[in-house]
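Undergrad: This structure is in structure tokens; I'll ask about it shortly.
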Amino acid sequence: MAEITGKPYPFPVLTFLRHFFTLVILVMLALAAAFFYLRGSLPREEGEIRLAGLLNPVEVVRDAYGVPHISAASVDDAIFALGFVHAQDRLWQMEVNRRTAAGRLAEVFGANALETDRFLRTLGVRRSAEANLKRLDKDTRAQLESYAAGVNAFMGTNPVLPIEFWLTGAKPEPWTPVDSLGWIKIMAWHLGGNWRNEILRMRLSKTLPLARIHEFLPPYPGEAPPEITDLRRLYSSIEKEAPRLAEASAGSASGLDLALQNGPRLGTSLSSGFGFDVSIEGLGSNNWVVSGARSATGKPLLANDPHLGLTAPAVWYFAHLSAPGLEAIGATLPGVPAIVLGRNSHFAWGFTNTGPDVQDLYIERLDGAGNYLAPDGPRPFTLHEEVIKVKGGEDVRLQVRVSRHGPVISDVSRIAQEAAPRGHVIAMQWTALREDDLTMQSAVKIARAKDWPGFVAAGRVPARKPDNDLTGLAPAPGWIAKYDWAGFIPYEELPRAYNPADGAITTANHRITPRGYPHYLTSEWQPPYRANRITELLGAVRSHSVGSFARIQGDVVSQPVKELLPRLARVTPKSEQGRRALQLLLEWDGAMLADRPEPLILAAWWREFSRAIYADELGDNFRGNWLLRAQFLINVLNDKDRQGRWCDNTRTKAVEHCDDLLAKTLDDALADLRKRYGDDMSAWRWGAAHSARHEHRPFGRVVWLAPFFDFTAPTGGDAYTVNVGRSRLEDAARPFANTHAASLRAIYDLGDLDNSLYIHSGGQSGNVLSPHYKAFTQAWAKGDYIPMVTDRKRIEIAGSKRLRLVP
């Protein structure tokens, strides 16, 4: 036997190793215990739970997809149960949603959330919601109360809270009707955005004449630019007339200097830490319907896919409510007691954003004594004292000023303050901030409508005076009466279509008003690329079905790309790789397919060319407005009305031309793609770069947590395809990622309602430990659906779990 020689390990080393391995085992045991404990935060889906507040027993059957089918003896009990299951599945999301609306994120997330809180406290979303609650009718208030009772009944069961509460130390408070109303307003905020372009026009007017601004923000195709007053002259005159003594008062609001240290920049994210998104490009949705004369069943078909930012968990939550007088299934918003998009036993409904201008900015002139000027003389601001609690820091006091038009946003937004003329501030007027906003009242009634006259849709659009020479396109002098709203367009005079002769209606954020329509809605319709493509595809099939509608929803042919390709044929590349890339593009049909390199090459080229065209003219305004801008780009490349001059770099003495710029930016784009995806162009894939990224709030912004909470899927499409997928060009790390897409897709078959289909982009659960957390994502990315079934036998055959809620 060989003898083993050598010195033994010294005693301290052995002791260290023994303690180290013991520690590792203890940590692993602790993690395992934490995991099994946190699994208790998953919803109870079977058995019976006794709850105070119910009038009668309620049955909740969850199908194989995690969709709850709620059967109750009354509408109040059904809504109570909806609040209960929302809280079971999406409690953290609801907590973040209501804190967002209330401007109370810093209480949980610390100083990084202050900029969002300051802005939302100033905007006054919660104050407006509190005022609205008093004006709602009895039935709507009752539904809000029933829902809140259901949420609070769940919290009364002393549940294990989802992991986000443990990681942040947040504790959920009792839910209130105002919390629901606040989130409806935040959704309206996401769907609005005219005010950003107002600020942009005002800022651009300092360096660009009005004609150039109209080129950069072009009118609807085929229409002349809107006739508005010369902005440079208007704002220069305001500057000259500004009272000198007002200069000192511009920052007189308590807390203003503190608020502006990290104030939100319009056109970007209000909160870099929490993704409260205020950027906009091509924001909207698709919606189309054909009559029975154009369908295989002889009954109408309806398709809808609203476009929103992708989040983890998803924005929507599917549910089915069954009670006397209520039989509806569709998409709900966690925190809101309504089927927002869906169908009942009589009809189906979908929404798109028709883009009415319901936000106006006003320049308020200060008098140096704390007042602002109105047409009838000086008036005092209404003041609201706000106290923002900050986790790990001292309370922050904020004095909010409100003029007769609305809150003074320049007190909390650096870019708005920089745009305001000397001695002035900028206030916002928005329909959602009015005390008589009854949007919620409409939302809760839709699902119970039985016919066309009973269908009520919210649509309050300001009426502007005939002599208003700004029409909401740029900030207006608040002391001149002609810029004030003159009430609202009467409901019966809003645009509508009922059984048109061609048997089809399409809305895709394009112009929906006919020639000669008497009222002004907006000058900022989206270009009709998606609408035209939908119309083209509808016309290509004589008799439509659920399947043909699904193919249209999945279409990824980009109309502006098809327009661009012939123009690109004139480019002479400067490199061999550039020549190969251009040859690929010229042999391509413009379909933004996930498994092809051409869409990625075109997107990267488009990005670089856009920067080269207008970064010099926009200067400091560029980053927050670096968008694809297809209509503008096509006008420039076609030299429409000499717009090719945008290709000249104003920072150089030489005169640059578009063809030279195209050749240079093609090489720039290819160099960027090589760094990101390697040298082999044939291996590049649009889907990999354009992956749909669902970002968790707030952990999607935390490097070591994001991989556990975010989820992705490769997708096709672009900002202008029917199957939409928008990117953030200014995001240096992920400029092509799909961050804004069809948040849900639904197809309703009125010939057989249970033949209807739907899917949203995430999963039913907001709990990262649940198998339903991201269960839909891969199917959604591929264009698949799940059945929108209400028949109990079909649900049980496919697999279900039954929970009874009893008084």
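Undergrad: In region 147-186, which residues are of a type in the set (A, V, I, L, M) and open to solvent by less than 20 Å² (accessible area, probe 1.4 Å)?
TA: At the first step, the residues of region 147-186 found to be of a type in the set (A, V, I, L, M) are 148-149, 151, 153, 155, 160-161, 163, 167, 170, 178, 181, 184, 186.
Ala148, Val151, Ala153, Ala170, Val178, Leu181, Ile186 - these are the residues of region 147-186 that are of a type in the set (A, V, I, L, M) and open to solvent by less than 20 Å² (accessible area, probe 1.4 Å).
Undergrad: Has region 732-740 got any residue that is under 21 Å from Leu326 (Cβ atoms), among the hydroxyl-bearing types (Ser, Thr, Tyr), open to solvent by less than 40 Å² (accessible area, probe 1.4 Å) and not in a strand (DSSP E or B)? Explain how you work it out, then say what you get.
TA: First pass over region 732-740, keeping only residues under 21 Å from Leu326 (Cβ atoms): none.
Looking through region 732-740, none of the residues is under 21 Å from Leu326 (Cβ atoms), among the hydroxyl-bearing types (Ser, Thr, Tyr), open to solvent by less than 40 Å² (accessible area, probe 1.4 Å) and not in a strand (DSSP E or B).
Undergrad: Within region 693-726, how many residues are touching a residue at least 60 places away in the same chain (Cβ under 8 Å), open to solvent by 30 Å² or more (accessible area, probe 1.4 Å) and assigned to a loop (DSSP other than H, G, I, E, B)?
TA: 2
Undergrad: Output the residues belonging to region 661-682 that are within 17 Å of Trp588 (Cβ to Cβ) and more than 32 Å from the chain's Cα centre (by Cα). Steps first, answer last, please.
TA: Step one: of region 661-682, the residues within 17 Å of Trp588 (Cβ to Cβ) are 662, 666, 669-670, 673, 681-682.
Within region 661-682, Leu662, Met681, Ser682 meet the criteria.
Undergrad: Now for a different question. Inspect all residues belonging to region 164-187 and state whether any of them is small (Gly, Ala, Ser) and touching a Ser or Thr at 6+ places or on another chain (Cβ under 7 Å).
TA: No, the conditions are met nowhere in region 164-187.
Undergrad: Sticking with this structure for a sec: Between residues in region 428-443 that are in contact (Cβ under 8 Å) with a residue 24 or more places away in the chain and residues that are among the acidic types (Asp, Glu) and open to solvent by 20 Å² or more (accessible area, probe 1.4 Å), which pairs lie under 7 Å by C-beta distance while being six or more apart or on different chains?
TA: Every condition considered, the pairs that remain are Thr431/Asp437; Gln441/Asp137.
Undergrad: If I filter region 569-581 down to residues being open to solvent by 10 Å² or more (accessible area, probe 1.4 Å) and in a helix (DSSP H, G or I), which single residue comes out as nearest to Arg674 (Cα to Cα)?
TA: Of everything passing the filter in region 569-581, Gln577 is nearest to Arg674 (Cα to Cα).
Listed here are the residues, each with its yes/no results for (1) buried (at least 20 other Cβ atoms within 10 Å of the Cβ); (2) modelled with pLDDT under 95.
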residue: Leu628; (1), (2): yes, yes
residue: Phe632; (1), (2): yes, no
residue: Asn635; (1), (2): no, no
residue: Asp639; (1), (2): no, no
residue: Trp646; (1), (2): yes, no
residue: Val655; (1), (2): no, yes
residue: Leu662; (1), (2): yes, no
residue: Asp668; (1), (2): no, no
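Undergrad: Still on this structure, I have one more. Residue pairs, Cβ under 6 Å, 6 or more apart or interchain, first in region 142-167 and basic (Lys, Arg), second surrounded by fewer than 17 Cβ atoms within 10 Å (Cβ to Cβ) and modelled with pLDDT of 95 or more. List them.
TA: Pairs found: none.
Undergrad: Where in region 97-146 are the helices (runs of 4 or more DSSP H), entirely inside, with at least 2 residues that are farther than 23 Å from Gly83 by Cβ and open to solvent by less than 10 Å² (accessible area, probe 1.4 Å)?
TA: Correct list: 114-123.
Undergrad: Can you name the residue in region 512-562 that is closer than 28 Å to Val636 by Cα, at pLDDT 95 or above and charged (D, E, K, R) and is also surrounded by the most Cβ atoms within 10 Å (Cβ to Cβ) among such residues?
TA: Checking each candidate, the answer is Arg530.
Undergrad: Pro807 fails exactly one of the following numbered conditions: (1) within 27 Å of Phe709 (Cβ to Cβ); (2) over 20 Å from the mean Cα position of the chain (by Cα). What is the number of that condition?
TA: Of everything listed in (1) within 27 Å of Phe709 (Cβ to Cβ); (2) over 20 Å from the mean Cα position of the chain (by Cα), Pro807 misses just condition (1).
Undergrad: Right, something else. Can you name the number of the only condition in (1) acidic (Asp, Glu); (2) out of contact with any Asp or Glu (no Cβ under 8 Å at 6 or more places or on another chain); (3) open to solvent by 50 Å² or more (accessible area, probe 1.4 Å) that Asp791 fails?
TA: With (1) acidic (Asp, Glu); (2) out of contact with any Asp or Glu (no Cβ under 8 Å at 6 or more places or on another chain); (3) open to solvent by 50 Å² or more (accessible area, probe 1.4 Å) applied to Asp791, the lone miss is (2).
Undergrad: Considering (1) assigned to a loop (DSSP other than H, G, I, E, B); (2) under 28 Å from the mean Cα position of the chain (by Cα), say which one Ile534 fails and leave the rest.
TA: (1)
Undergrad: Next question. Output the residues belonging to region 775-788 that are open to solvent by less than 70 Å² (accessible area, probe 1.4 Å), in contact (Cβ under 8 Å) with a residue 60 or more places away in the chain and either in a helix (DSSP H, G or I) or not small (Gly, Ala, Ser) (or both).
TA: Phe776, Thr777, Trp780, Ala781, Tyr785, Ile786, Met788
Undergrad: For region 453-511, how many residues meet the condition of being open to solvent by less than 40 Å² (accessible area, probe 1.4 Å), in a strand (DSSP E or B) and over 30 Å from Tyr529 (Cα atoms)?
TA: Looking only at that region, the number is 4.
Undergrad: Across region 588-637, what is the number of residues that are assigned to a loop (DSSP other than H, G, I, E, B) and within 21 Å of His740 (Cβ to Cβ)?
TA: Of the residues in that region, 9 qualify.
Undergrad: Still on this structure: Within region 360-381, count every residue that is within 24 Å of Thr471 (Cα to Cα), open to solvent by 60 Å² or more (accessible area, probe 1.4 Å) and either in contact (Cβ under 8 Å) with a residue 24 or more places away in the chain or assigned to a strand (DSSP E or B) (or both).
TA: 1
Undergrad: In this structure, is Trp684 open to solvent by 50 Å² or more (accessible area, probe 1.4 Å) and aromatic (Phe, Trp, Tyr)?
TA: Answer is no for this residue.
Undergrad: To continue, here is another question. Filter region 486-511 down to the residues that are touching a helix residue (DSSP H, G or I) at 6+ places or on another chain (Cβ under 9 Å) and of a type in the set (A, V, I, L, M, F, W, C), then identify the one that is nearest to His307 (Cα to Cα).
TA: By that ranking, first place goes to Ala508.
Undergrad: Quick one: which residue in Asp754, Asp749 is farther than 17 Å from Thr712 by Cβ, surrounded by fewer than 23 Cβ atoms within 10 Å (Cβ to Cβ) and among the acidic types (Asp, Glu)?
TA: Asp754
Undergrad: Right, next: Being open to solvent by 30 Å² or more (accessible area, probe 1.4 Å), under 30 Å from Ile489 (Cα atoms) and either in contact with a Gly (Cβ under 9 Å, 6 or more places away or on another chain) or not aromatic (Phe, Trp, Tyr) (or both) is the requirement here; does Thr352 meet it? Working first, answer last.
TA: Numbers: open to solvent by 30 Å² or more (accessible area, probe 1.4 Å): yes; under 30 Å from Ile489 (Cα atoms): yes; either in contact with a Gly (Cβ under 9 Å, 6 or more places away or on another chain) or not aromatic (Phe, Trp, Tyr) (or both): yes.
Yes, satisfied.
Undergrad: With the condition kept exactly as written, say whether any residue in region 759-774 is assigned to a helix (DSSP H, G or I) and open to solvent by less than 50 Å² (accessible area, probe 1.4 Å).
TA: No, region 759-774 contains no residue that is assigned to a helix (DSSP H, G or I) and open to solvent by less than 50 Å² (accessible area, probe 1.4 Å).
Undergrad: Would you tally the residues in region 41-89 being part of a helix (DSSP H, G or I) and closer than 14 Å to Phe154 by Cβ? Can you show your working first?
TA: Step one: list which residues in region 41-89 are part of a helix (DSSP H, G or I), which gives 41, 75-89.
If we keep only those that are closer than 14 Å to Phe154 by Cβ too, we end up with 41, 79-89.
The number of residues fulfilling the criteria is 12.
Undergrad: So, in region 382-423, how many residues would count as being open to solvent by less than 30 Å² (accessible area, probe 1.4 Å), at pLDDT 95 or above, closer than 24 Å to Met202 by Cα and not β-branched (Val, Ile, Thr)?
TA: Within region 382-423, residues that are open to solvent by less than 30 Å² (accessible area, probe 1.4 Å), at pLDDT 95 or above, closer than 24 Å to Met202 by Cα and not β-branched (Val, Ile, Thr) number 7.
Undergrad: Something else about it: Pairs needed: first member in region 571-591, closer than 17 Å to Phe609 by Cβ; second member anywhere, modelled with pLDDT of 95 or more and basic (Lys, Arg); C-beta distance under 6 Å; at least 6 residues apart or different chains.
TA: These pairs meet every condition: Pro573/Arg579; Gly590/Lys562.
The values are calculated or read from the model by the stated rules, or taken from the named source; none is laboratory data. Note that the structure is a prediction, hence the values are computed from the model and not measured. When we count neighbours, we look across all protein chains shown, and the Cβ atoms used for this are built from the backbone with ideal geometry, even at glycine. Ligands, DNA and RNA are stripped out before the accessible areas are found, and what is left, the full protein with its side chains, is counted by its heavy atoms. Shrake-Rupley method; radii C 1.70, N 1.55, O 1.52, S 1.80 Å.
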